[in-house]
Structures are given as C-alpha cells and as structure tokens.
1. Would you pick out the residues in the stretch 13-26 that are under 22 Å from residue 149 (Cβ atoms) and either outside any strand (DSSP E or B) or open to solvent by 80 Å² or more (accessible area, probe 1.4 Å) (or both)?
2. List every residue pair whose Cβ atoms lie under 7 Å apart, where the two residues are 6 or more positions apart in sequence or sit on different chains, the first residue falls within the stretch 127-138 and is open to solvent by less than 80 Å² (accessible area, probe 1.4 Å), and the second residue, located anywhere, is not in a helix (DSSP H, G or I).
Amino acid sequence: MAPVEAGNPIVVQLDLNLDGMLKVSARERATGLQKQVVIENALAQFERDERDEARDRLDRLWVDQADPFEDDEESEEGDETDGIDGQVPSLAPGPREGQREAVQARALLEKADRLMERVQAEDKLEVQRLMEKVRTSLTDRQWDKLTAASNELADVLFYLEDA
C-alpha cells in the first residue's frame, strides 16, 4: 500500500430511510478506496407507532400534492390540497434511486480503463471480468450488486495502482 500524506480528505455519506436502515459510505479522495456499512435497525429506539405516523404524514404529503398532469378543469374545482396560505407546499427533489451509485461506477470504469495499459497480463483478465460485472449491474440497474461489484473493482485497482 502506498503511503498517503496526512490530511487526506475522506468523504462520508449517511443515508437513513424510514425503515431504520442507515447506510454509511466513506471514500478516500486521493486513493478512491471506498468502504460502506449498513446498519439494519438504526431507529430501534423509536416505537412502531411513531414510525407508522411518520410514514402516514409522508404518504399524505405525496397524496395531497396536485398532479401536474391533471386537466385544468379538474384542478379548478374545490381542492383541499391548498396549504394554509393557499399554496401547495413544495418538496425539494431528492436523489434519484441509484444515481450516486451509477456515477461512482462510471468513474471507476473510466479509472480502470486508464489503468488497463499498465496492468500486467496475468491481472488483465481479472480486471476485465470485474469491469464487465460492474457494467452488467449498471445496465440491469441492480444497485446492491453494482455497489458490491464496484467495491471489488476498487479494491483490485487500489493494489494495481501501487504496482
């Protein structure tokens, strides 16, 4: 493993969903090494009723939103979705499912392509196999498999960079 200078930034991302699953990802900027851990029951201290109530509030937000594709005639009728001041509340758009994983996988594939000319012959088949695994998971939109395949490829590239 090559020495990395002190102060190497590490990017940490936390994703928590209403089912209590906490996903923690950490990536070294200089080396690209990425690790992640998933905590299945991070919200264990909350009672089921509180979680159900939170889910219901979110569901009501989505149900209460006016459909932007409705005809104008239907939306002119008395609509109870108006907020207190007469405006429909707006929600900030969240990340699309798999978008972050897809971007990271594409960047990793580009990195692997750049390193391919320096890879020794006995390692090329393994790197190509892992790259194909990442491409297949990306194409099939299987995010869990994509993350696992990307982690495998990142680990191999990490050691090949130092060679």
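The values are calculated or read from the model by the stated rules, or taken from the named source; none is laboratory data. Not measured: the values here are computed from a predicted model. FYI the Cβ positions are ideal-geometry reconstructions off the backbone, even for glycines, and counts take in every protein chain you see. Just the protein is used for accessible areas: all its heavy atoms, side chains included, with ligands, DNA and RNA removed. Shrake-Rupley method; radii C 1.70, N 1.55, O 1.52, S 1.80 Å.
1. 21
2. Here the result reads 127/119, each pair linking the stretch 127-138 to a residue that is not in a helix (DSSP H, G or I).
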